[in-house]
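Undergrad: Below you will find the structure I want to go over with you.
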């Protein structure tokens with residue numbers, strides 16, 4: 001009887017121990033379903049959150065990224081004063097050098113240019129002169145523009161003259177930025193899944209997506225960081241799995257090579273990853289190098305052709321001019337290291353641990369990764385983060401000009417978020433830790449909401465103030481609020497009051513970067529109505 005049953009089962013293809021096999025198969029299907037659900041939740045949820053803001057700001061840093069895809073579709077990588085006059089500075093010789101904004105050429109404006117009454121002063125800061133006189137390339141490279149290229153190609157099939165639909169172009173690029181950042185959070189989640197359980201991986205991804213400046217900054221437009229965080233996260237997701245599958249080193253190298261196309265400092269990640277593989281897996285290193293070489297070769301050719309040197313990145317070339325205008329010296333790496341590090345980490349105006357304090361909890365994880373073999377893959381990512389932090393700390397413009405938060409080191413939040421994993425695993429069961437993590441994360445999310453809804457470019461960075469001269473004061477007193485000025489006017493020692501703009505880029509006002517009472521967060525919380533109004537004005541002025 002048993003023999004007949006066994007034969008019947010074998011004829012039907014049923015394996016021995018079928019009950020156990022079926023249970024394992026069912027469990028695997030459940031795991032896949034949960035994975036797909038969590039990925040879908042993260043991607044759709046974050047993309048919707050990033051896209052909810054109707055009054056997104058159009059920042060000049062992204063202008064060349066928005067217009068370059070159209071040039072690429074026509075086989076052109078450069079900009080000229082004839083093709084894009086709004087990207088150049090013009091003055092009127094008849095009106096004493098008054099600035100003239102030219103959105104597009106008209107016959108009257110062309111005649112004024114021919115007559116010499118309108119004079120070209122030079123390009124905006126986001127363009128760098130190429131090896132061909134009169135032609136300029138994108139200061140921020142071509143990585144971001146490449147991400148928009150296929151979308152523009154499709155749009156042009158339905159919209160014959162896409163350049164005439166400026167609002168649509170900027171909205172499309174905002175959505176591309178939002179999608180790339182949402183995808184980066186998904187990739188952070190998948191990278192974390194290789195190192196910890198699903199719940200902690202989801203916490204890490206959500207904290208990254210909602211508690212860092214990827215939300216308030218690069219999800220709101222096509223910044224160079226928008227694709228950069230995507231490629232860094234993609235590479236990290238693959239890198240932490242190379243030990244199990246060596247061939248993943250090839251797509252990892254390709255992802256990180258594309259990150260270099262977006263932001264040159266990402267080359268530090270490429271080098272740190274390569275050195276780690278050289279120590280651990282020579283076979284993976286070979287795949288890594290071979291996959292990265294074509295991207296490196298193309299980048300070298302681009303730099304040589306348009307900038308005259310294989311290593312002449314637009315940001316380095318253009319930074320010399322910006323450094324001279326802001327500091328009086330063309331030296332790009334001039335900030336004392338201690339000052340830049342303190343500013344990037346703890347400045348009330350730009351500090352990483354001020355705008356995203358939950359990342360402080362990654363500090364214990366930085367120690368733990370050196371003692372845990374299971375987390376060893378995070379070591380080169382930590383090393384790359386620390387080196388990038390030091391490089392940006394030396395930058396003459398470590399505060400990132402007029403911006404919100406720690407824009408210059410925003411990229412490393414991908415890796416710092418993964419470094420939360422050892423801390424979460426060690427302390428998650430402790431109520432005090434969960435409370436601390438929750439409070440710091442809520443603060444971080446609230447700060448990003450301020451950036452998304454209230455940041456208005458000029459409100460704090462170029463804040464209006466009043467210089468009040470008093471008889472008994474050797475220097476003028478800067479008063480931030482009108483009510484304070486009125487009170488000082490009643491003082492018998494009052495001499496005069498003069499309106500000033502406290503441009504944080506100017507050396508005399510750069511101490512504002514360290515003020516707690518005059519910090520961006522304090523300003524926007526206490527000037528909500530003014531900020532919203534100014535934000536709307538900035539948008540209207542641009543359009």
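Values in this text are rule-based calculations from the coordinates and carry no lab data. Treat the numbers as computed from the prediction; the structure is a model and nothing was measured. Counting neighbours? That spans all protein chains shown, and the Cβs are built from the backbone with ideal geometry, glycine included.
Undergrad: Determine, for 433, 139, 396, the number of other Cβ atoms within 10 Å of each Cβ, and report the residues in order from fewest to most.
TA: Going from least to most buried by this count: 433, 396, 139.
Undergrad: What whole number of Å gives the distance from the Cα centroid of the stretch 222-280 to the Cα centroid of the stretch 391-437?
TA: Value for the Cα centre distance between the two parts: 19 Å.
Undergrad: Next question, about the same structure. How much of the calculated P(r) for the chain lies past 43 Å, in percent of all Cα pairs?
TA: Here the long-distance tail beyond 43 Å is 25 percent of all Cα pairs in the chain.
Undergrad: Test of understanding: ordering 302, 56 by Cβ neighbours within 10 Å, fewest first, what list do you get?
TA: 302, 56
Undergrad: Figure the gain on full extension for residue 482 and residue 301 (residue separation times 0.36 nm, minus the Cα-Cα span) and round it to one decimal in nm.
TA: Residue separation times 0.36 nm, minus the Cα-Cα distance, leaves 59.6 nm.
Undergrad: Using packing as a proxy for protection, rank 217-228, 283-294, 152-163, 351-362 so that the peptide with the highest average count of other Cβ atoms within 10 Å comes first.
TA: My ranking of the peptides, most packed first, is 217-228, 351-362, 283-294, 152-163.
Undergrad: Can you give the angle from 0 to 90° between the axis of helix 337-346 and the longest principal axis of the chain, with both taken from C-alpha atoms, to the nearest 10?
TA: 70 degrees
Undergrad: Turning to a different aspect of this structure: How do the peptides 229-238, 510-519 rank, highest first, by the average count of neighbouring beta carbon atoms within 10 Å per residue?
TA: By packing density, highest mean first, the sequence is 229-238, 510-519.
Undergrad: Counting other beta carbons within 10 Å of each Cβ, put 525, 387 in order, fewest first.
TA: Arranged by neighbour count, lowest to highest, 525, 387 become 525, 387.
Undergrad: FRET efficiency for residue 469 and residue 515, Cβ-Cβ distance as r, R0 = 22 Å, nearest 0.05?
TA: 0.55
Undergrad: Taking 0.36 nm per residue of sequence separation and subtracting the Cα-Cα distance, how much length would be gained by fully extending the chain between residue 48 and residue 293, in nm to one decimal?
TA: 84.5 nm
Undergrad: Report the extension gain between residue 98 and residue 311 in nm, rounded to one decimal, defined as 0.36 nm multiplied by the number of residues separating them, less their alpha carbon distance.
TA: 72.9 nm
Undergrad: Describe numerically, in nm with one decimal, the distance between label points set 7 Å from Cα along Cα→Cβ at residue 428 and at residue 446.
TA: Result for the modelled spin labels: 2.6 nm.
Undergrad: For the ranges 73-80, 184-191, what's the packing order if you count other beta-carbon atoms within 10 Å of each residue, average per peptide, and put the highest first?
TA: Descending mean neighbour count gives 184-191, 73-80.
Undergrad: Report the label-to-label distance for residue 83 and residue 320 in nanometres (one decimal), using points 7 Å from each Cα along the Cα→Cβ vector.
TA: Result: 2.5 nm between the two label points.
Undergrad: Compute the FRET efficiency between residue 105 and residue 171 as 1/(1 + (r/R0)^6), taking r as their Cβ-Cβ distance and R0 = 25 Å, and round to the nearest 0.05.
TA: Computed FRET efficiency for residue 105 and residue 171: 0.50.
Undergrad: Distance in nm between label sites at residue 462 and residue 435, each 7 Å beyond Cα in the beta-carbon direction?
TA: Rounded to a tenth, the inter-label distance reads 4.6 nm.
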